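A short worksheet on the structure shown next.
The values are calculated or read from the model by the stated rules, or taken from the named source; none is laboratory data. Just so it is clear, the structure is predicted and the values come from calculations on it, not from any experiment. Because the Cβ atoms are built from the backbone with ideal geometry, glycine has one as well, and the counts that use them run over all protein chains shown. Just so you know, the surface numbers come from the protein's heavy atoms only, side chains and all, with ligands and any DNA or RNA stripped out. Shrake-Rupley method; radii C 1.70, N 1.55, O 1.52, S 1.80 Å.
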Amino acid sequence: MVRTLPIVSPILKNMFDKRLFMMDGFGEEGNVIPVFSMNDDELKFDDEYKLTMPILALKNTVLFPGVVIPITVGRDKSIRALQKAEKGDKFLGVLTQKDVESEDPTPDGLHKTGTIARIMKILRMPDGSTTAILQGRKRFRAGEFVHNNRMLEAEVHVIQDKTPVKNLEFNAIISTIRDYARQIIELSPNIPTEANLMLQNIKNDTFLLNFIASNMNLDVSKKQEILETDDPLAKATLVMTAMNSELQLLQIKDEIETKVRGDLEKQQKEYFLNQQLKTIQEELGGNPQEEELNRLQQLADMKDWPEEAEAAFEREITKARRINPQIAEYSVTLNYLELMLELPWNEVSKDNFILKKVRSVLDKDHFGLEDVKKRIIEHLAVLKLKGDMKAPILCLVGPPGVGKTSLGKSIATALGRQFIRMSLGGLHDESEIRGHRRTYIGAMPGRIIQSIKKAKTSNPVFILDEIDKLGKDFRGDPSSALLEVLDPEQNTSFHDNYLDLDYDLSKVLFIATANSLSTIQPALLDRMEIIEISGYSVEEKIEIAKRHLVQKQLTEHGLKTKDATLSGQMLQYIIQNYTRESGVRSLDRQLAGVLRSVAKKVAMEEEYSPSLTENDIKEALGPIRFDTDQYVKVDIPGVAVGLAWTSVGGDILFIEASKSKGKGKLSLTGNLGDVMKESATTAISYIRAHAQEFGLDAEIFEQLDLHIHVPEGAIPKDGPSAGITMLTAILSCLKEKKVKPGLAMTGEITLRGKVLPVGGIREKVLAARRAGMKEVLLCEDNKRHVEQIPAAYVKGLSFTYVRNMSEVVAHSLAIQKN
């Protein structure tokens, strides 16, 4: 084993005393300390070398010409090579291993270019190891190795160094190298300051490059590359590039150390200044932190809150008085104390118990919505009589645009309470509801507590908007966190992680809104009182437009009442020809379009009639978008009109059936769900079972293929309510008889031919009327649902109630069973 070592002997120390310079380098153990002679005459090596020399393999460094290094020799082959050279002319070849882990390198495992070394001294160390002091003389290239199992020997081909061409470029690089060396020495605490003087005394440029390359903090492979480079300019460039990288690293380390040292000094300075300031303030009788805590204490003394909250406040403010104001925990504690004081705790607003006035406010703001208004009045009536009552948890379910969210604000105004709206759409993080623990940096209370703090009362009207659109992921399940909020038995002690105290939410009137109940967690749904809000009829939309929408759009467009007038007939024209919705959002947009057109004419001083006509509406909104005749004029067999319920209200659904020669195959298209496919299969089975009664040949089912299609295939469709419509369309196709015009139907069927009731009747009936249908056919058991719809909303519609499919077929196709 051969490894470089620090100088450990008096001889090496004596060399240093004779102006031999040492620098930190590489070593397998400890530091390598290369040594070089300062006398240029000693660098003129005119030695005569044998053709074949012993070879010494180095593991972790490279020997350069002119440089003296101590090495420890441990491997048998290396010791023999050293002994042979010592007995002879004291010269041997030094090559660096390619693999530093190899203990017995072969000729192929050594670099071919190395340095001829002269043995200056061999030391026998106390631990039994051998240390040799070698001086690099000239570079050589190893030729053919001599076959010798005892040691490495090889032919030596001396490489003559080229004399550097002292042109401008070379001189500039050498000058840069000297500058870099001076800066590196200044930035490196392990290099003695005398090194600058030594470098100035080196006049030989080639030796300067060898010395610096030997001492730089480089990989062995990089040092070997510099050794193998013949061209002085190229070698100088490699050394300069390596020194530049080393210098940048040292500069960055120095900047970091300076910054850290500066930060520590700054902290110490601030600490002493703060201590001095504190002493001065105590002498003068003023301390801002103490004054702030005293102010909070005074507010706490006047606060009406539970004993538990008061005890927690006293605990925290006592801790705050002991904390150094300069540390982060002080500001966290201060924020917590301020939150406790800003929460309303036992503060409530006085409710308006003049029930007739409350009813008039609700009627003024919203037309219709009788169920919701009735429930609010009932709650206030009980509260007025009893004096104390847990607030109900209401959930308003209905299609978009029917006024669920705005109704909450109207309720707050009617009751004389504060109004809070919290949107839950897309909420994924449970901590948004419960808050973060104060141990986290930037911790905050949950949005429930934050909203109560803003309201400044403990009994606001709190709208939880879009509760059906709550998300769920790895950060938690917000809907589960809401279970505590919306349970009247639990929300008397709602626990927020930041507040870390129980807060009473039982006085809050929570009103949730949703478009669909299907996506709400069952446990959460069970805690709420569901109030369904159906879509508006045409008459209701006209009334809403007259009372609210037209005036709102006139104001938003800078118009006066005299500038534009929309009669009830024109409003109905817009509703029926330009909108298809359960709510009034689209109607509001269309009215905005009409009034923008009027505003343009007013601004450009064009002549126009303030009483708007159909032509004015067409000019503003373009051609009619929805044609009701397409639903009424079904003039081919195999097409029936069904009624469907969607999350945005009721809608019309065409069901088409066709037949072709085949082998009895049934095809279903239109993006149908499993339940709807089963309805089609049930209808086919019923017709096949009663083919003779309907005047059909039973064999046609084996000779014909049937195809049932529901248009608008991009929209998923499912549910059992299209059963009677499918059966009617299939029988119409097989009998080649048209379905009664103007007829829409809905109902589920069974294999026995029974017609079962379905849901969403109000929305479906209103959709039929919007589409211009004349008659609706449905189950006898749905009659009670129709009777709940105001007569004005079903004006012009007739209803036929059936119990079995025979009645459906007889009425829709005028086919009597045999």
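On a 0 to 90 degree scale, rounded to 10, what angle separates helix 404-415 from the longest Cα axis of the chain?
Orientation of helix 404-415: about 80 degrees from the principal axis.
By what distance, in whole Å, do the Cα atoms of region 398-530 stretch along each of the three principal axes, largest value first?
The Cα atoms of region 398-530 stretch 44, 34, 27 Å along their principal axes.
Rounded to the nearest 500, what is the 222 nm mean residue ellipticity of the chain from helices alone, with -39500 (n - 2.57) per DSSP H run of 4+ residues and division by all residues?
Estimated from H runs of four or more residues: -13000 deg cm²/dmol.
By DSSP, what percent of the beta bridges with both residues in the chain are antiparallel, rounded to the nearest 5?
The answer is about 60 percent antiparallel.
On a 0 to 90 degree scale, rounded to 10, what angle separates helix 723-735 from the longest Cα axis of the chain?
70 degrees
Using the alpha carbons of region 469-620, what is the convex hull volume per residue in cubic angstrom, as a whole number?
Per-residue hull volume (Cα only) is 191 Å³.
Among 340-349, 541-550, 53-62, how do they line up by average Cβ neighbours within 10 Å per residue, starting with the highest?
Numbers: 340-349: 17.3, 541-550: 19.9, 53-62: 24.6.
Top to bottom by mean Cβ count within 10 Å: 53-62, 541-550, 340-349.
Just the Cα atoms of region 142-300, one point each, no solvent: what log10 I(q)/I(0) does Debye give at q = 0.19 Å⁻¹?
Reported log10 I(q)/I(0), two decimals: -1.19.
What residue among Thr413, Val808, Asn491 has its Cα farthest toward the positive end of the dipole of the chain, where the charges are +1 on Lys, Arg and -1 on Asp, Glu, each on the Cβ?
Value: Val808.
Quick check: residue separation of Arg589 and Ser221 times 0.36 nm, minus the Cα distance between them. What number comes out in nm?
Between Arg589 and Ser221, full extension yields an extra 125.0 nm.
Per residue, how much accessible area does the chain have with a 1.4 Å probe, in Å²? Mind showing how you got there, number by number?
Values: 40470 Å² over 818 residues.
For the chain, the per-residue accessible area is 49 Å².
Counting Lys and Arg as +1 and Asp and Glu as -1, each charge on the Cβ, what is the dipole of the chain about the Cα centre in debye, to the nearest 20?
Approximately 1660 debye in magnitude.
Can you compute the FRET efficiency between Lys409 and Leu273 using 1/(1 + (r/R0)^6), with r the Cβ-Cβ distance and R0 = 60 Å? Round to the nearest 0.05.
Computed FRET efficiency for Lys409 and Leu273 comes out at 0.65.
For Lys754, put the label point 7 Å out on the Cα→Cβ axis and report which residues of region 771-803 keep their amide N under 15 Å from it.
Under cut-off, by backbone N: 779-782, 802-803.
What spacing in nm lies between the two simple spin-label points modelled at Ser102 and Val165, each 7 Å away from Cα in the Cβ direction?
Once both label points are built, they end up 3.8 nm from each other.
Spin-label point model (7 Å from Cα, Cβ direction): what's the Asn671 to Thr241 distance in nm?
Result for the modelled spin labels: 6.2 nm.
Once Lys and Arg get +1 and Asp and Glu get -1 on their Cβ, which of Gly435, Ile377, Ser423 lies farthest toward the positive end of the dipole of region 336-435?
Ile377
Take peptides 128-136, 326-334 and line them up by average Cβ neighbours within 10 Å, highest first, as a rough protection proxy.
128-136, 326-334
Which Cα, out of Pro610, Thr579, Leu595, lies furthest along the positive dipole direction of region 564-643 (beta carbon charges, K/R +1, D/E -1)?
The listed residue farthest towards the positive side: Thr579.
How many angstrom lie between the Cα centre of region 729-758 and the Cα centre of region 762-818?
First find each Cα centre; the distance between them is then 12 Å.
I'd like the Kirkwood hydrodynamic radius of the chain, using the inverse of the mean 1/r over distinct C-alpha pairs, in Å.
One decimal place: 37.2 Å for the Kirkwood radius.
How far, in nm, would the chain grow between Gln83 and Val348 when pulled straight, counting 0.36 nm per residue and subtracting the alpha carbon separation?
So the chain would gain 85.2 nm between Gln83 and Val348.
For Ile280 and Ile700 in the same chain, what is the full-extension length gain: residue separation times 0.36 nm, less their Cα-Cα distance, in nm?
Taking 0.36 nm per residue and subtracting the Cα distance, the gain is 140.4 nm.
Can you work out the FRET efficiency for the pair Ala603 and Glu543, with r the C-beta to C-beta distance and R0 = 30 Å, to the nearest 0.05?
Computed FRET efficiency for Ala603 and Glu543: 0.50.
What is the spin-label model distance, in nm, from Glu329 to Leu264 if the labels are put 7 Å beyond Cα along the C-beta direction?
Using points 7 Å along Cα→Cβ, the separation is 2.4 nm.
I'd like the distance between the alpha-carbon centres of region 331-356 and region 675-708, rounded to an integer number of Å.
Spelled out, the Cα-based centre of one part sits 68 Å from the other.
Could you tell me what percent of the accessible area of the chain is made up of carbon and sulfur, with a 1.4 Å probe and every protein chain present?
50 percent
Mind jotting down the distance between the C-alpha centroids of region 525-579 and region 204-226, whole Å?
88 Å
Determine, for each peptide in 696-703, 765-772, the mean count of other beta carbons within 10 angstrom over its residues, then list the peptides with the highest first.
765-772, 696-703
Which whole number of Å³ per residue matches the convex hull of the alpha-carbon atoms in region 728-803?
Value for region 728-803: 89 Å³ per residue.
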